[in-house]
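Inspection log for the structure reproduced underneath, given as structure tokens.
The values are calculated or read from the model by the stated rules, or taken from the named source; none is laboratory data. A quick note: this is a predicted structure, and the numbers were derived from the prediction, not measured. Quick reminder, even Gly has a Cβ in these numbers, built from the backbone with ideal geometry, and neighbours come from all protein chains shown. Please note that ligands, DNA and RNA were not included when accessible areas were found on the heavy atoms of the full protein model with its side chains. Shrake-Rupley method; radii C 1.70, N 1.55, O 1.52, S 1.80 Å.
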Amino acid sequence: MSFQPKKSLGQNFLTDVNLSRWIADQIEPQTAACVIEIGPGQGALTAHLADRCENLVLVEKDNELAPALVERFSNNSRVRVMHADATRLDLRPFYRFGDVRIIGNLPYSVGGEVLKAVLTPATPIRHAVFMLQKEVCDRLAANVGDDGYGGLSLLVQQHWDVKLLRIVPPDVFKPRPKVDSAVVKFTPREPGSLPVYDRPLFDRLVRQGFSQRRKQLKNLLPDAPDGWEALVNHLGVPLTIRAEELSLQQWVELTRFYEGRQNKSDAGQKATEMFDVVDENNRVIGQQPRGKVHAEGLRHRAVHIFVLNKRGDIYLQKRSHLKDVHPLVWDSSAAGHLDVGESYATCAIRELEEEIGIRVPETEKLADIPATERTGMEFVELHLARHDGPVHYAPDEIDCGTWFPPPVVDEWVDARPEDFASGFIECWRAWRSASHA
Ligand code: SAM
């Protein structure tokens, strides 16, 4: 029986073999640890991926096509088929692969939702190549002054460099769609290419600013601290500015103004901050500045806190690029050095509030971890806190963060210890061996 394409699932199948091959090439499958294909359908792209990937995961929602793919690739142990909805895909188990890339000729009806699900940090995706309606691709890649420039351009480009690679006409699909398509490539924006800012606030301001395109921003955005005039003077733009007239960099600067961050430089830690220095028995023997403590490997004290929610998931943070040690690797929910004279318990409560905006009356001590090179010569106390509400992290300390089921972290730590701060791994092993004992 011949297959009837389903409009509801956006089934427009590619019929041009050379074009399919060219699209598959753009993700450079042979150098990836894992490639995820969204909506493989009848396998037009898959045919050019299956023998070139170390791991290929096919995510197909269609009840007929998914079993057919299972059958077709049953002899290829490097291909796994997930009969699932890509808009609800849980990407957390993919971190353990490292270099994860994603590709797809996306069903147009849910293209935006798929992009949001897979490209919003925190995500393990490092590169993406998607085919979508040309009009959406234009918006994704647009710069200030271009026709398609708007909220979508900004929300995506704050995280990704977006390049429109090629326009694709309707006649290479069956059935033919009504409009042109295009292929876009996403590569992560260089860390530090934008100054730090509060991302949820940026997203809110951009959405409000573009909610009525023709209106002036001053009538759409909340009252600016020190008034609208101070804000536009700071940006060097007219009072009557509209959302679409500000570049990404200016939107970031506008967000920083609302945060009161506009005159602050993005400093990581201060080398002059003072710590207690301790002996091999964790007794205080003096005080020294942070820079010297780290440079000379002096023993000192730090607390790590694991925050768990009701489901038993743990919140992990990816450290900011501004950190002087272990930048851009994953770490405990919150962690920090004890101030001079501060107790571990007080430090735990303070760090939770400063780093991830969580207020708790107390934490529970879980373990003592001795000072070794692995902890950076820190005597660590590991504490536990429980929290179910939102997490609001400090953007100069943390790049991004999310909740993980502990078994997913177990696999990830085993497969890729290099993705984590070494002190975190000590804490993780102490906690997991105690909870399995
Ligand atoms: N990759 C194939 C090609 O290029 O010929 C098919 C592309 S077709 C435009 C979109 C594919 O996505 C279809 O196979 C459709 O069944 C699948 N699909 C639609 N909605 C989906 C969803 N929410 N999750 C996963 N796959 C979906």
**Fill in**
Residue separation between VAL144 and SER435 times 0.36 nm, minus their alpha-carbon distance, gives in nm 99.5 nm
**Among LEU155, VAL70, LEU106 - extreme Cα towards positive end, dipole of segment 7-188, charges at beta-carbon** = VAL70
**Message:** Before I look further, what does the chain give for accessible area per residue, probe 1.4 Å, in whole square angstrom?
**Reply:** 47 Å²
**Complete:** One finds the C-alpha centres of segment 144-161 and segment 341-393 to be spaced, in Å, by 38 Å
**Message:** When a/c reaches 1.5 or more, the comparison of a/b and b/c decides; with that in mind, is segment 133-216 rounded, prolate or oblate per its Cα gyration tensor?
**Reply:** oblate
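With N denoting the number of residues in segment 1-73, provide Rg(C-alpha) divided by 2.2 N^0.38 Å, to two decimal places.
Expressed relative to 2.2 N^0.38 Å, the Cα Rg reads 1.10.
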**Message:** Need the C-alpha centroid separation for segment 167-198 versus segment 219-260, integer Å.
**Reply:** 28 Å
**Listed residue pairs exceeding 24 Å between alpha carbons, taken from LYS7/LYS178; LYS218/LYS318; LYS7/LYS116; LYS7/LYS134; LYS134/LYS163; LYS116/LYS163** = LYS218/LYS318
**Asked** Just in segment 345-428: which trypsin sites (Lys or Arg not before Pro) are loop by DSSP and have at most 12 other Cβ atoms within 10 Å?
**Response** ARG359
**Request:** Only helical DSSP H runs with n ≥ 4 go in: add -39500 (n - 2.57) per run for the chain, normalise by residue count and round the 222 nm mean residue ellipticity to 500 deg cm²/dmol.
**Result:** -7500 deg cm²/dmol
**Item:** Largest to smallest principal axis extent of the C-alpha atoms in segment 240-298, angstrom
**Value:** 63, 18, 16
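Taking a ≥ b ≥ c as the square roots of the eigenvalues of the Cα gyration tensor of segment 261-329, is the shape rounded (a/c under 1.5), prolate (a/b larger than b/c) or oblate?
oblate
How much of the accessible area of segment 7-188, probe 1.4 Å, is carbon plus sulfur, in whole percent?
Working: 3750 of 8050 Å².
Answer for segment 7-188: carbon and sulfur cover 47 percent of the accessible area.
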**Asked** For the chain, what is one quarter of the convex hull surface built on the Cα atoms, given in nm²?
**Response** 24.5 nm²
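Based on the Cβ-Cβ distance of LEU328 and ASP171, what FRET efficiency does E = 1/(1 + (r/R0)^6) give at R0 = 60 Å, to the nearest 0.05? Walk me through the numbers before you get to the answer.
On the way: r = 45 Å, r/R0 = 0.74.
That pair, LEU328 with ASP171, gives E of 0.85.
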**Request:** Please report the relative contact order for the chain, taking Cα pairs under 8 Å with a sequence separation of at least 6, and give it as a percent rounded to a whole number.
**Result:** 11 percent
**Message:** With a cap of 12 neighbouring Cβ atoms within 10 Å, and only residues DSSP puts in a loop, list the GluC sites (Glu not before Pro) found in segment 298-382.
**Reply:** GLU362
**Taking segment 199-259 and dividing mean pair separation by its residue count, relative contact order in percent (alpha carbons under 8 Å, at least six apart)** = 41 percent
**Prompt:** For the residue pair LEU298 and HIS234, what label-to-label distance in nm results when each label sits 7 Å from Cα along the Cα-to-beta-carbon direction?
**Reply:** 3.8 nm
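Specify whether the C-alpha gyration tensor of segment 199-259 places it in the rounded, prolate or oblate class, a ≥ b ≥ c being the square roots of the eigenvalues: rounded for a/c under 1.5, otherwise prolate if a/b is larger than b/c and oblate if not. Present the calculation step by step, with values, prior to reporting the outcome.
Numbers: a/c = 1.31, a/b = 1.05, b/c = 1.24.
In terms of gyration-tensor shape, rounded.
In the neighborhood of GLU355, defined by Cβ-to-Cβ distances under 11 Å, what is the net charge if each Lys or Arg adds +1 and each Asp or Glu adds -1?
Working: positive: ARG319, ARG350; negative: ASP331, GLU351, GLU353, GLU354, ASP396, GLU397.
That works out to -4.
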**Calculated FRET efficiency for the pair SER211/ARG350, C-beta based, R₀ 41 Å, to 0.05** = 0.60
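Between GLU71 and LYS264, what FRET efficiency comes out of the Förster formula 1/(1 + (r/R0)^6) with R0 = 45 Å and r the beta carbon distance, rounded to 0.05? All intermediate terms of the calculation are to be shown ahead of the outcome.
On the way: r = 59 Å, r/R0 = 1.31.
FRET efficiency, LYS264 to GLU71: 0.15.
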**Asked** What nm distance separates the two modelled labels at LEU164 and LYS6, each placed 7 Å from Cα along Cα→Cβ?
**Response** 3.2 nm
